[in-house]
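The values are calculated or read from the model by the stated rules, or taken from the named source; none is laboratory data. From a predicted model like this one, the values you see are computed outputs, not experimental measurements. Every residue, glycine as well, gets a Cβ built from its backbone with ideal geometry; the counts of neighbours run over all protein chains shown.
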Amino acid sequence: KQAAKIGTKFADARAGDLPEAKMSTKEWLSQYTKNDTVHAIFRNLCAAIFAANDDEVPARAFLTYFAVKGAFKRFGFCPRGTVGLWNDLADGIRAAGGEIWLDAPVTELHVQDGLATGVSVMKDGVATRVQARTVISNIGPRATVDLPGGEAFGPDYIARARTLPRPSANIVINFATQKRLVDVPGLVTFGKTRRLCNMGELTATCPELAPAGWYQYVAYAVPRPAIGDFDEKAEVEASLQDLRDEFPDFAQARMLSVRVMRDGWPAQRSCAGFDMPQTTPLANLWHVGDAVKDYGDGGTQACAYTGREAARHAVAHLDAVRVAAAA
Ligand SMILES: Cc1cc2nc3c(=O)[nH]c(=O)nc-3n(C[C@H](O)[C@H](O)[C@H](O)COP(=O)(O)OP(=O)(O)OC[C@H]3O[C@@H](n4cnc5c(N)ncnc54)[C@H](O)[C@@H]3O)c2cc1C
């Protein structure tokens, strides 16, 4: 009966009937069930998709992702790792005559009369000024306004860029075992865990990643809270305890790394539901990436959409400038 009620609410969401923006996923779900396992599953879906807890992700964003945007309709991963996608993109850019500078941080933004005129970049240890008619920033609104020259965005926008996006954290545990822990090719999402939300055996699909006889895993956990400060040591320990509870053979695992993604390099620069617009007070500068996603979107594909949108804005801007110059 409770499942039917939740199913009906998903259908309502699909028809446009969404909860008010401030209600959390946990509050929304509590209206229909008190079942601990159902709550744990929703928590772990929030954690796996949005890198935040069910009391942090707005129900409106959760339902937009799952019911409206049709999450996982097209699902896949790149066998060369996610970087394989970006390498293909880079090949396309170079083939079209573009250049890509790696290890070249932007150190300053240049602005004149309300328009970005370029950036300074450290290239091979030398500060190099690049003139530009349009600028697209992928470091997030907060880091962009904090660049020298960022004061041109104005105090209101700077204040919003520093407070609106809510970075969320996750904990990535890489390990290997000589005994297979779970015989599933793909990602497993857990039920009643406390921090652990999902795990994949990489060697199930790419056996070449580990020496013969070894199984390599990546497990993801989300701290409490995931948005804001948390005790890193205690949260890592709670995540490892979940793995011990789920898999007794984890005790024999060889640990490869434990990384806590937070602060300057979080899991998401903004949890879904708290993103900023891509447009800025500078008419020829747009943001892309995981702090300016479409409402209720998440992950890499959401970032790709922001790239497409920024490119459209930039082309329209350049066209308008060209038309104005010709008139
Ligand atoms: C552990 C983990 C697992 C994840 N799993 C998934 C998943 O399974 N599926 C999914 O869809 N999403 C996943 N995500 C989320 C996804 O990876 C991110 O949302 C996405 O990569 C963000 O892309 P981005 O381009 O916005 O930012 P980033 O990938 O962080 O790119 C920003 C770049 O800007 C560079 N930079 C910073 N400052 C400067 C500067 N001053 N000048 C020049 N460059 C600068 C940084 O070095 C970085 O390369 C995961 C994230 C994490 C952390």
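Is it true that Phe250 is out of contact with any Ser or Thr (no Cβ under 7 Å at 6 or more places or on another chain), more than 13 Å from the ligand (Cβ to nearest atom) and closer than 15 Å to Arg166 by Cβ?
Against the criterion (out of contact with any Ser or Thr (no Cβ under 7 Å at 6 or more places or on another chain), more than 13 Å from the ligand (Cβ to nearest atom) and closer than 15 Å to Arg166 by Cβ), Phe250 does not qualify.
Which residue pairs have Cβ atoms closer than 9 Å, lie 6 or more positions apart in sequence or on different chains, and pair a first residue in the range 106-117 that is more than 19 Å from Gly140 (Cα to Cα) and in contact (Cβ under 8 Å) with a residue 40 or more places away in the chain with a second residue that is away from the ligand (no atom under 16 Å from the Cβ) and of a type in the set (A, V, I, L, M, F, W, C)?
From residues that are more than 19 Å from Gly140 (Cα to Cα) and in contact (Cβ under 8 Å) with a residue 40 or more places away in the chain, the pairs are Gly114/Ala152; Gly114/Leu282; Gly114/Ala283.
Being more than 10 Å from the ligand (Cβ to nearest atom) and assigned to a loop (DSSP other than H, G, I, E, B) is the filter; apply it to the range 253-264 and report the residue that is modelled with the highest pLDDT.
Among residues in the range 253-264 that are more than 10 Å from the ligand (Cβ to nearest atom) and assigned to a loop (DSSP other than H, G, I, E, B), the one modelled with the highest pLDDT is Ala253.
Search the range 270-288 for residues being of a type in the set (S, T, N, Q) and either touching a residue at least 40 places away in the same chain (Cβ under 8 Å) or not in a loop (DSSP other than H, G, I, E, B) (or both), and hand back the single one that is farthest from the ligand (Cβ to nearest atom).
Checking each candidate, the answer is Asn284.
Would you check which residues across the range 253-293 are farther than 22 Å from Arg162 by Cβ and of a type in the set (D, E, K, R) and list them?
Arg254, Arg259
From the list Ala267, Ala291, Ala302, pick out the single residue that is within 10 Å of the ligand (Cβ to nearest atom), aliphatic (A, V, I, L, M) and at pLDDT below 95.
Of Ala267, Ala291, Ala302, the one residue that is within 10 Å of the ligand (Cβ to nearest atom), aliphatic (A, V, I, L, M) and at pLDDT below 95 is Ala302.
Within the range 32-46, which residues are surrounded by fewer than 20 Cβ atoms within 10 Å (Cβ to Cβ), touching a residue at least 24 places away in the same chain (Cβ under 8 Å) and in a helix (DSSP H, G or I)?
Within the range 32-46, Asp36, Thr37, Val38, Ala40, Ile41 qualify.
Among what's in the range 89-108 and is within 15 Å of the ligand (Cβ to nearest atom) and acidic (Asp, Glu), pick the residue that is nearest to the chain's Cα centre (by Cα).
Asp103
Filter the range 216-247 down to residues that are within 14 Å of the ligand (Cβ to nearest atom) and among the polar types (S, T, N, Q), then give me how many there are.
1
Restricting attention to the range 160-194, and to residues there that are closer than 19 Å to Ile49 by Cα and of a type in the set (D, E, K, R), which single residue is surrounded by the fewest Cβ atoms within 10 Å (Cβ to Cβ)?
For the range 160-194, the residue satisfying everything is Lys192.
Could you list, in sequence order, the residues of the range 135-155 that are more than 25 Å from the chain's Cα centre (by Cα) and in contact (Cβ under 8 Å) with a residue 40 or more places away in the chain?
Answer for the range 135-155, where residues must be more than 25 Å from the chain's Cα centre (by Cα) and in contact (Cβ under 8 Å) with a residue 40 or more places away in the chain: Pro148, Gly149, Ala152, Gly154.
Looking at the range 143-155, is at least one residue in contact with a Pro (Cβ under 9 Å, 6 or more places away or on another chain), away from the ligand (no atom under 14 Å from the Cβ) and part of a helix (DSSP H, G or I)? I'd like the intermediate steps shown before the answer.
Let us first name the residues in the range 143-155 that are in contact with a Pro (Cβ under 9 Å, 6 or more places away or on another chain), namely 152-154.
Of the ones still in play, those that are also away from the ligand (no atom under 14 Å from the Cβ) are 152-154.
Imposing the further condition that a residue be part of a helix (DSSP H, G or I) reduces the set to 152-153.
Yes: the range 143-155 contains one or more residues that are in contact with a Pro (Cβ under 9 Å, 6 or more places away or on another chain), away from the ligand (no atom under 14 Å from the Cβ) and part of a helix (DSSP H, G or I).
Taking interchain pairs and intrachain pairs at least six residues apart, which have beta carbon atoms under 9 angstrom, with the first residue in the range 121-132 and away from the ligand (no atom under 13 Å from the Cβ) and the second of a type in the set (D, E, K, R) and part of a strand (DSSP E or B)?
Taking only residues 6 or more apart or on different chains, the pairs are Arg129/Glu108.
Checking Gly191 against (1) of a type in the set (Gly, Ala, Ser); (2) part of a loop (DSSP other than H, G, I, E, B); (3) under 20 Å from the mean Cα position of the chain (by Cα), which test does it fail?
For Gly191, the failing item is (3).
Within the range 156-180, track down each residue that is in a strand (DSSP E or B) and within 16 Å of the chain's Cα centre (by Cα).
Selection gives Ser168, Asn170, Ile171, Val172.
Quickly run through the range 284-320 and pick out the residues that are surrounded by 15 or more Cβ atoms within 10 Å (Cβ to Cβ) and more than 20 Å from the chain's Cα centre (by Cα).
Matches in the range 284-320: Asn284, Leu285, His313, Ala314, His317.
Restricting attention to the range 54-74, which residues are under 17 Å from Pro225 (Cα atoms) and out of contact with any Ser or Thr (no Cβ under 6 Å at 6 or more places or on another chain)?
The answer is Glu56, Pro58.
Listed here are the residues, each with its yes/no results for (1) loosely packed, with under 13 Cβ neighbours inside 10 Å; (2) touching a residue at least 12 places away in the same chain (Cβ under 8 Å).
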| residue | (1), (2) |
| --- | --- |
| Lys22 | yes, yes |
| Ala48 | no, yes |
| Ala59 | no, yes |
| Ala67 | no, yes |
| Cys78 | no, no |
| Ile93 | yes, no |
| Gly98 | yes, no |
| Leu102 | yes, no |
